[in-house]
Each structure stands twice: as C-alpha cells, then as structure tokens.
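The values are calculated or read from the model by the stated rules, or taken from the named source; none is laboratory data. If you're wondering where the values come from, they're calculated on a predicted model, not measured in any experiment. Note: ideal-geometry Cβ built from the backbone for every residue, glycine included; neighbour counts use all protein chains shown. These area figures cover heavy atoms from the full protein model, side chains too; ligands, DNA and RNA do not enter into them. Shrake-Rupley method; radii C 1.70, N 1.55, O 1.52, S 1.80 Å.
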Amino acid sequence: MSVTKEIVTERLKTVNGPDFTGNIVDLGMVSEIFIADSKVFFSITVPAARAQEMEPLRAAAERVVKAIPGVAGAVVALTAEKKGGGMEAPVPARPASRPAPPASPAAPRSVPHAPASHSQGKRGVPGIEAIIAVASGKGGVGKSTTAVNLALGLAANGLRVGVLDADIYGPSMPKLLDIHGRPQTVDGKILKPMENYGLKVMSMGFLVDEETPMIWRGPMVMSALTQMLREVEWGRLDVLVVDMPPGTGDAQLTMAQQVPLAGAVIVSTPQDLALIDARKGLNMFKKVDVPLLGIVENMSYFIAPDTGKRYDIFGHGGARREAERLGVTFLGEVPLEMGIRESSDAGAPVVVSKPDGAAAKTYRDIATKVWDRVNEERGAAEAAVPSIVFE
C-alpha cells in the first residue's frame, strides 16, 4: 500500500486536540507532512506554556501513523509557539511534590568518579568508538569535501569509518561519494547505511529527491538527525565522521549536547571574514565542552598549473595564526586545486581517485593528526578519573 499525505492526514484527524477541543488537524496544529521511503515526518505546534504536558498527544499521533499499513516509521516532533491553535488556556497549577525523605546513612564506599568531560551524561551509539564533528562557521569553505577526504584518510590509515551527513537542508555525501538509491531497512525499523569506498554512509540525500527542498523547523531537524544517528545499523566502527551543516544552529547543538563527541574539526579559509565565523564555531564547541581537535586551512593557496607560480588568493596562514592564538592544533593546509574540485564533482574524492597524489597525502596526514588528537583526549579523560570515598 502506498502511503500518501492524504491517508496520514485522515488518520491524524482521529487524534484529539488538547482538552478534547477537536482534532489536531482541524485545529491547525499539524505541519506539512513529509514522506520518504515509507517513513513519515511532521511536527505538531503547541503553545510554549503547555509544551511539557503535550508529550502524550505527540505519542498518540505517532502511534496512529505507525499503525497505517505501509508505514515503516514515523518521526513526530513538538514545536512550541506562544500562540496558536486556539490552545491559550492557562496551565493548571500542579500540586507541589513532597520532599524526599532524608537518605539513611550508609557505610563508606569507593566509587569511580566520571571525569567532568564532554561525554558525561550523553548516550553513546552502540558499536561506534568515537564520533568526530567536522564543522565550519559559514558555508562555501569546502567543509564537506574536507569531511569526506578526512573520512577516507582515516580509512586509508586502517580504521573502520562511517560518515553521517548532518546537513539536512543541503546534503552533499550522495554526490561526493557517488552513492545512489534508497537505503534498505532491517525489520522495517532500522536503516542500513549505504556504502562506497569502504565507508558506511547515511544522509538525508538518500531519503529524498535531490531537488526536494527541506522546509523544516528546528525540532524536525533534531528528530531527523537523531534517527539517522541512532536508528541506523552502523555495525562496528572505529570512528564516525559527522559532516555538520555550516553555522551554529539546531543541528550543531543537537550533536554537541546529546552525543558524546570525541572532538570537533573546524574548517576555514585563510581570510579574516571566514575566520570570524570559524571563531563562532570554535566558541560554541568550547561552551558545550567538546574538545577541539584542530583547524584545517582549506583553499590555502593556488599553484598555477602552467607556470607553477603560487598565488595566495584568499591570503595565507590566517587559520594557522588563529590556531596558535587559541592554543588549538593546526592540522594542515589544503590547496585550492582543480583536481580536488573535479574529483569531488565526479564522486571520486582525491584520497581514493589519486591516492599517490600530493592532495591525498595532505588529507591522510590531517587524518593522522586528527586521530592522534582523539587518542590524546581519551588519555587525558582516563587520567582524570579519581576514586572518591563517600562517608
């Protein structure tokens, strides 16, 4: 049975609105419904003052959609607004909870104390040893090309590597890795990652047509990201490279706050304008206690193929100086080179299409430095685990 928006809408009309004031469709609470590979995505708009108590409504909507024949899964998010849907009734006062009784004294015991690190309180992904975010403060600096060649460099160095394309609005991995088609599912619930060049890959680009615009609010982006990360059969991976969208928005905060990132790699070009935005990305990861693995200066210089003369089109050394100023590792310079662009457009990144070339060596060297930094951060975290005795 083919699942359509009309079928989903009719089923959602069976879900009562808050206080049984009609159904969520007629109340205008349901966003645009999006269907991809038999999975249904939409959000429900609720007033901010009542957002916490609306979880049962969200769960009810999810249940009725999942019960539709042919639906493989559903992602339903709550979107809070201060007004809308005729639901501005005041929140009823809740009785104050009783204070918990004092704990009875217990014998002294020694327990390991988790380090106050970036991973504390964050749920990992089974089978994945380390997750690395590749980010930039702005678009157009070659972040995705850097991310895919970094992933291939890590694989060339003997690691088991996956790539998560976290750019919901502008996914690049299907083209960069020349992967086509739709991912299969396991038992209709868990997605199987697509594969090429030894990498396991998941991207929104596999679930929607290339020209389909993603007009989603923040909660929808966060729900989709969580599903692509945690509802995928990644298997055993040494490292998952996450190609982040540019900027410091919902996707970045979702990954930084909910996932135990081993660290972040910042990509910038040399000029001051790009560095200003790169600093924003650096500061965001610092604020959420994610280790900074280093900075890559992309489009660092250009070598004219006919004369061999070097041109610093965007200036030179800005990212290196910024790394030194901030005390962050400088990972390397990647030139502005026709071959890198051409191989990326052809879906055969230079690390695999020209493995003996200078550009491929640059990316492998960057990959080595990144992995060394991951192990340094691991060692520092393990060394910071003391034992505390509670009396």
ASP306: passes all of (1) assigned to a loop (DSSP other than H, G, I, E, B); (2) within 17 Å of LYS143 (Cβ to Cβ) but (2)
For region 141-188 the number of residues that are open to solvent by 40 Å² or more (accessible area, probe 1.4 Å) and free of Cβ contacts under 8 Å to residues at least 40 places away in the same chain is 6
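If you go through region 116-132 one residue at a time, do you hit one that is at pLDDT below 80, open to solvent by less than 80 Å² (accessible area, probe 1.4 Å) and either assigned to a strand (DSSP E or B) or hydroxyl-bearing (Ser, Thr, Tyr) (or both)?
So in region 116-132, the residues at pLDDT below 80 come out as 116-123.
Within this subset, residues satisfying the condition of being open to solvent by less than 80 Å² (accessible area, probe 1.4 Å) are 117-119, 122.
Still in the list and also either assigned to a strand (DSSP E or B) or hydroxyl-bearing (Ser, Thr, Tyr) (or both): 117, 119.
Among the residues of region 116-132, at least one is at pLDDT below 80, open to solvent by less than 80 Å² (accessible area, probe 1.4 Å) and either assigned to a strand (DSSP E or B) or hydroxyl-bearing (Ser, Thr, Tyr) (or both), which makes the answer yes.
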Within region 1-59, count every residue that is buried (at least 16 other Cβ atoms within 10 Å of the Cβ), within 30 Å of HIS180 (Cβ to Cβ), among the aliphatic types (A, V, I, L, M) and out of contact with any Leu (no Cβ under 9 Å at 6 or more places or on another chain).
5
Collect the residues in region 284-317 that are open to solvent by less than 20 Å² (accessible area, probe 1.4 Å) and at pLDDT 85 or above, keeping them in residue-number order.
VAL290, PRO291, LEU293, GLY294, ILE295, VAL296, GLU297, ASN298, SER300
I'd like to verify a number: residues in region 195-228 that are modelled with pLDDT under 90, hydroxyl-bearing (Ser, Thr, Tyr) and under 13 Å from the mean Cα position of the chain (by Cα), how many?
2
